[in-house]
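Notes follow once the structure below has been shown.
The values are calculated or read from the model by the stated rules, or taken from the named source; none is laboratory data. What you see is a predicted model, and the numbers here were worked out from it, not measured in a lab. Quick reminder, even Gly has a Cβ in these numbers, built from the backbone with ideal geometry, and neighbours come from all protein chains shown.
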Amino acid sequence: MVLTGGVRTPSDALVGSVAVQTLHSLHLDVVFMGVHGMSERAGYTTPNLMEVDTNRAFLGSTEHLVVLADHTKWNVTGLSSIAPLSAATALITDRHLPAHARAVLENEVSTLVLADPQFNEPSNPTALAAGGN
């Protein structure tokens, strides 16, 4: 579903009062959300004040929040907090997440998924770029 009626941010998010009002009227099962940063103190954050209201509206409309954030997002703090770490039902990140961050997130998030980036790399990137298998 694409909600229009707002403005695009530098990350191409659609935000604004129409998007927020529409989200308040929806009942979503799961929201998958990327974040600018996450930290023990600030939770999930964004640098964009226009996006934070829309992100919070998504949280208010969903049963389950799944955050998608690679290890480089840990200890990055944007200007505004979206939600505490415990707001996520699941966090999908990668195996390069520092041990301290893993310990914190395992205590805060119901499900912590550590993906292996090397597992997902194509065995022959040149063939994929050329359209082959």
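Quick one: would you say residue 45 is of a type outside the set (A, V, I, L, M, F, W, C), touching a helix residue (DSSP H, G or I) at 6+ places or on another chain (Cβ under 9 Å) and modelled with pLDDT of 95 or more? Break it down into steps so the answer makes sense when it comes.
Working: of a type outside the set (A, V, I, L, M, F, W, C): yes; touching a helix residue (DSSP H, G or I) at 6+ places or on another chain (Cβ under 9 Å): yes; modelled with pLDDT of 95 or more: yes.
Judged against the criteria, residue 45 is a match.
Select, from 12, 29, the only residue that is at pLDDT 85 or above, under 17 Å from the mean Cα position of the chain (by Cα) and either among the basic types (Lys, Arg) or exposed (fewer than 12 other Cβ atoms within 10 Å of the Cβ) (or both). It would help to see each step written out before you state the result.
Details: 12 fails: at pLDDT 85 or above.
Just one listed residue meets the conditions, 29.
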